[in-house]
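Following: one structure in structure tokens, then a few remarks.
The values are calculated or read from the model by the stated rules, or taken from the named source; none is laboratory data. Everything numeric in this text was worked out from a predicted model, so none of it was measured. Here the Cβ positions follow ideal geometry from the backbone for every residue, glycine too, while neighbour counts run over all protein chains shown. Areas reflect the complete protein model, heavy atoms only, side chains present, ligands, DNA and RNA absent. Shrake-Rupley method; radii C 1.70, N 1.55, O 1.52, S 1.80 Å.
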Amino acid sequence: MISIAICDDEDYMLNELQQKISTYMDTNELLYSIQLFNSSESLLYKKSHFDIIFLDIQMDRVNGMEAAKQIRKKDEKCFIIFITVLKEMVFEAFEVGASNYLIKPLADDKLSRTLDRIIKQLSDAECQYIIIHKGQAYWQIKISDIYYCEVIKRKIYIHLKNEIMDYYDSIESLEKTLPTNFFRCHRSYLINLNYVKGYENSNAILANGSSIPVSRLRQQDFSQAILKYMKNRGK
């Protein structure tokens, strides 16, 4: 089930977007739910997780951009799509990790292409797991939940959103099982580029507040990896 929120202070836009999105979802035989909000305050008050959020920017009191910033503090994974007449705020949209910036009146083909890309990413994320062997047990770990991995002596520590899993293995072996959005920034660390929010004093700053060292020999490769990741995400 794909959960979708539409937030716009104009009723006709809420209804138009709901109809367009419903048509796309039904055509592609997808399970979904849509909730409508006529203000940013009502969306923020809901405190629910949505897979996709469509946000108007021009709204009274709390505008869509400010709402997106508040949403991002609590939810790093949701896809935010701005629907607006304001072309000049496109750069601010990327600061909050928006998936797209669509101009009103909304073109059906651009909406469809945006949803095609997002649905594929949601599907891929749900399907990607690694299996680790710990003692006599095997554990399945969702790759998108991994912030970073570190090795201490012979033990791997996988830092997830809500816990840390540890087991015996080499970081070289783990690196081979992870997708290309993981970067070996140090001989002891693998970081998920999806969660890199900054770089300061030779450390990668992750979305959970962790500061991970980037070795001097890997700093240039790290910069190139970040640029490549951003370009691929933009596609």
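The calculated P(r) of the chain, using every Cα pair and 5 Å bins from 0, goes 1, 6, 13, 16, 16, 14, 12, 10, 7, 4, 2, 0, 0 in percent. The lysines whose alpha-carbon is closer than 29 Å to the alpha-carbon of LYS46, local same-chain residues fewer than 8 away aside, are LYS20, LYS69, LYS73, LYS74, LYS77, LYS87, LYS104, LYS110, LYS120, LYS142, LYS161, LYS197.
Give me the tail of P(r) for the stretch 129-232 as a percent: Cα-Cα pairs with distance above 20 Å.
Details: 1852 of 5356 pairs.
Percent of Cα pairs beyond 20 Å in the stretch 129-232: 35.
Relative to the longest principal axis of the Cα atoms of the chain, the long axis of helix 11-27 makes an angle of roughly 60 degrees. The alpha carbon centroids of the stretch 162-235 and the stretch 33-71 are separated by 31 Å. Annotation: LYS197 carries an accessible surface of approximately 130 Å², with a 1.4 Å probe and no ligand, DNA or RNA atoms counted. Contact order, relative form, for the chain: 10 percent (alpha carbon pairs under 8 Å, 6 or more residues apart, mean separation divided by residue count).
The angle between the Cα long axis of helix 108-127 and the longest principal axis of the Cα atoms of the chain comes to about 30 degrees, rounded to the nearest 10.
Report, for the stretch 21-162, the % of DSSP beta bridges that are antiparallel, rounded to 5.
On the way: 12 of 21 bridges.
DSSP beta bridges in the stretch 21-162 are roughly 55 percent antiparallel.
Computed from Cα positions, the angle between helix 219-234 and the longest principal axis of the chain comes to roughly 30 degrees.
Could you work out the local net charge near LEU106, counting Lys and Arg as +1, Asp and Glu as -1, over the other residues with Cβ closer than 13 Å to its Cβ? Kindly include the intermediate steps, with their values, before the conclusion.
Working: positive: LYS20, LYS104, LYS110, ARG113; negative: ASP8, GLU10, GLU16, ASP56, ASP108, ASP109.
So the surrounding residues net to -2.
Its DSSP H runs of at least 4 residues, each contributing -39,500 (n - 2.57), put the calculated 222 nm mean residue ellipticity of the chain at -11000 deg cm²/dmol, to the nearest 500. Remark: the Cα gyration tensor places the stretch 2-127 in the rounded category, a/c being less than 1.5.
Which residues make up the longest stretch of the chain that has no GluC sites (Glu not before Pro) in a DSSP loop with at most 11 other Cβ atoms within 10 Å? Mind dumping the intermediate values first?
On the way: sites that count: GLU29, GLU163.
That would be 30-162.
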